[in-house]
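Where a number appears in this text, it was derived from the coordinates with a stated rule and is not lab data. Computed from a prediction, not measured in an experiment: that's the story for all the values here. Virtual Cβ from ideal backbone geometry, glycine too; neighbours counted across all protein chains shown.
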Amino acid sequence: MGRRIWIVVGVGAAMVFITMGTRQSIGLFLKPVTADLGTDRETIALAVAAHNLILGLPLAAMLADRFGPRRVVATAGVVMGLGLAMASRAESPFVFGISLAVLFGLAVSGSSFVVVIGAVGKAVPAHRQTFAFGLITAGASVGMFAVVPIAQELIEAFGWRNALATLGLVAVMVIAGASRLLPADDGDGQARLPTAGPVDALGATVARAFRNRSYLLLTAGFFVCGFHVAFIATHLPAYLTDEGLSDRVAAISLALVGLFNVGGSLAAGWLGDRFRRRTLLALLYLSRAVVMTVFLVAPLTAFSAIVFGAVIGVLWLSTVPLTSGLVAAMFGPRYLSTLFGIVFLSHQVGAFLGVWLGGRIFDSTGGYGPVWTIAVVLGVIAAAVHVPIAVTPERSTAPAVAS
């Protein structure tokens, strides 16, 4: 890959490093925020769940496909800083929830996988796309490993309010600043990235996607990924401390999810360029179900919590390069942000339910057991859903464009 492509990949990885690292840290704020604002877990979990749903809206993806990713990401960085600053000064659950759900949610939608992978997909040759997507995902994984313990130290040293404001300031500086290195808009609404061949209008491409059975199956399967990731990221720290483990063990377990997903994402990207992505995805979801089952039936200790974080980390975001790679293989790179954004919306609907059900069931039963059971069953279903997926590149209905 050429130097310019590596710049796009590197900048994209840095952005998702901050975005996903900050988002992964939100679970650490659950207990201190509920205590400080005098509310229950379901209320804060609902705000986090709404955040997950809003960040899944494909609006930012459509804007990036229309105007290029630079302006979208720069705006997202500023909005992220504003949202976290407002949340850090909230004196009521309502203000905290609006700041986290709406502002932070919209910001993450414009600076995370969907927009960044769309930009990279247009720049990278088709036979290397899944590996490049794996590099972007690895950047997010490193962020989850590095930012989570830093956030925990900030909370312990300065309180949750100052910790959240600090994360917002870093987001503005890194995301908005680095956006200048992303592909620009050339004045007619097209990002300066190479495209070739006939291209359908966005509406026609989306319509073809919704008639594609494999695309719909892929979208359904990604719902389960969202449920798993959001439930564990938000409720695992509280689950571990409720069971008598220390805050530090909970933070280490969550951080290891990010660390071990670095290898998992890179391996998934490498394997996805060489083997059937649908088979790899089916194995990933089935493996998640097995790992969660073993975690639940084994005695819970600091060691088992840390091992769980490491093992589930290998499987964590490894679905992203494979899923986005399948979308690119089916429809090409031109509207990859929008088409992957629609799939990602399904992911975030699952995330909404995973986070909200976690809080709801905890407040109703005093434990997370039923949600863990749901997560295991969904893993098995997702594995089965990916088996019949067939990858046949869709033919464009647009007339060829002279080069």
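Magnitude of the Cβ-charge dipole of region 1-139, K/R +1 and D/E -1, about the Cα centre, nearest 20 debye? Don't skip to the end; give the middle numbers.
On the way: 11 positive and 5 negative charges, 147 e Å.
Dipole size: approximately 700 debye.
Report the trypsin sites (Lys or Arg not before Pro) located in region 227-299 that are in a DSSP loop and have at most 16 other Cβ atoms inside 10 Å of their Cβ, or state none.
Working: sites: 248, 274, 276, 277, 278, 288; in loops: 274, 276.
Here the trypsin sites (Lys or Arg not before Pro) that fit, given the DSSP loop and packing criteria, are 274, 276.
With N denoting the number of residues in the chain, provide Rg(C-alpha) divided by 2.2 N^0.38 Å, to two decimal places. Please list the in-between numbers first.
On the way: Rg = 20.0 Å, N = 403, 2.2 N^0.38 = 21.5 Å.
Here the answer is 0.93, to two decimals.
Along each principal axis of its Cα atoms, how long is region 299-395 end to end? Whole angstroms, biggest number first, please.
Principal extents (largest minus smallest coordinate, Cα): 52, 29, 23 Å.
How long are the three semi-axes of the equivalent ellipsoid of region 5-100, in whole Å, if each is the root of 5 times an eigenvalue of the C-alpha gyration tensor, listed from largest down?
On the way: eigenvalues 169, 39, 26 Å².
Result for region 5-100: semi-axes of 29, 14, 12 Å.
For the chain, with the dipole built from +1 on Lys and Arg beta-carbon atoms and -1 on Asp and Glu ones, taken about the Cα centre, which of 261, 45, 228 lies farthest toward the positive end?
The one lying farthest along the dipole's positive direction is 261.
Which Cα, out of 246, 303, 342, lies furthest along the positive dipole direction of region 214-365 (beta carbon charges, K/R +1, D/E -1)?
The Cα lying farthest towards the positive end belongs to 342.
Roughly speaking, what is the stretch gain from residue 384 to residue 126, that is 0.36 nm per residue apart minus the C-alpha to C-alpha distance, in nm to one decimal? Please list the in-between numbers first.
Numbers: separation 258, 0.36 × 258 = 92.88 nm, distance 2.71 nm.
Length gained, residue 384 through residue 126: 90.2 nm.
Placing unit charges on C-beta atoms (Lys and Arg positive, Asp and Glu negative, everything else neutral), compute the dipole magnitude of region 210-294 about its Cα centre in debye, rounded to 20.
Working: 8 positive and 4 negative charges, 139 e Å.
Dipole magnitude for region 210-294 comes out near 660 debye.
Given the Cα-Cα distance of residue 156 and residue 246 and 0.36 nm per residue of separation, how much length would full extension add, in nm? Please list the in-between numbers first.
Details: separation 90, 0.36 × 90 = 32.40 nm, distance 1.30 nm.
My answer for the length gained is 31.1 nm.
Mean Kyte-Doolittle of at least 1.6 and a Cα length of 20 Å or more along the axis: which whole DSSP H helices of the chain meet both?
On the way: long enough: 3-24 (31 Å, 0.91); 41-55 (21 Å, 1.09); 69-88 (28 Å, 1.10); 129-171 (42 Å, 1.14); 213-242 (43 Å, 1.02); 247-272 (37 Å, 1.23); 277-297 (30 Å, 1.47); 336-365 (42 Å, 1.07); 369-386 (27 Å, 1.88).
Both cut-offs are met by 369-386.
Could you compute the net charge surrounding residue 162? Neighbours are other residues with a C-beta less than 14 Å from the C-beta of residue 162; K and R count +1, D and E count -1. Please report the intermediate quantities before stating the final value.
Details: positive: 89, 161; negative: 36, 153, 156.
That sum, taken over residues with Cβ under 14 Å, equals -1.
So what is the relative contact order of region 254-403, in percent, for Cα pairs below 8 Å that sit 6 or more residues apart? Before the final figure, lay out the partial values.
Numbers: 138 pairs, mean separation 56.0, N = 150.
So the answer I get is 37 percent.
When Lys and Arg each count +1 and Asp and Glu each count -1, what net charge do the other residues less than 15 Å away from residue 388, Cβ to Cβ, add up to?
Details: positive: 213, 276, 277, 278; negative: none.
Its environment carries a net charge of +4.
So what is Rg over Rh here for region 236-379, counting just Cα atoms and using Kirkwood for Rh? Show your work: numbers first, answer last.
Values: Rg = 16.6 Å, Rh = 16.5 Å.
Ratio of gyration radius to Kirkwood radius: 1.01.
Mind putting a number on the dipole of the chain about its Cα centre? Charges go on the C-beta only, +1 for Lys and Arg and -1 for Asp and Glu, and I need it in Debye to the nearest 20.
Result for the chain is approximately 1260 debye, rounded to the nearest 20.
Compute the signed sum of charges (Lys and Arg +1, Asp and Glu -1) over the other residues within less than 15 Å, Cβ to Cβ, of residue 235. All intermediate terms of the calculation are to be shown ahead of the outcome.
Working: positive: 23, 31, 41, 360; negative: 40, 42, 242, 243, 247, 363.
So the environment of residue 235 carries a net charge of -2.
Ratio of alpha-carbon Rg to the 2.2 N^0.38 Å globular estimate for region 69-109, to two decimals, please.
Numbers: Rg = 10.5 Å, N = 41, 2.2 N^0.38 = 9.0 Å.
Working it through for region 69-109, the quotient is 1.16.
Mind giving me the nanometre distance, one decimal, between the label points for residue 146 and residue 302, set 7 Å out from Cα along Cα→Cβ?
Each label point is offset 7 Å from its Cα along the Cβ direction, giving 2.7 nm.
Mind listing P(r) for region 45-122? All alpha-carbon pairs, 5 Å bins, whole percents.
Answer for region 45-122: a P(r) of 3, 19, 26, 21, 15, 9, 5, 1, 0 percent.
Under the definition of Cα pairs under 8 Å and six or more residues apart, what whole-number percent is the relative contact order of the chain? Please list the in-between numbers first.
Values: 786 pairs, mean separation 114.1, N = 403.
Relative contact order for the chain comes out at 28 percent.
List 256, 218, 169 from most exposed to least, where exposure is judged by having the fewest other Cβ atoms within 10 Å. Kindly include the intermediate steps, with their values, before the conclusion.
On the way: 256 23, 218 27, 169 12.
In order of increasing Cβ crowding within 10 Å: 169, 256, 218.
Exposure proxy check: 31, 122 ranked by fewest other beta carbons within 10 Å? Please list the in-between numbers first.
Details: 31 19, 122 26.
Fewest-to-most ranking of 31, 122: 31, 122.
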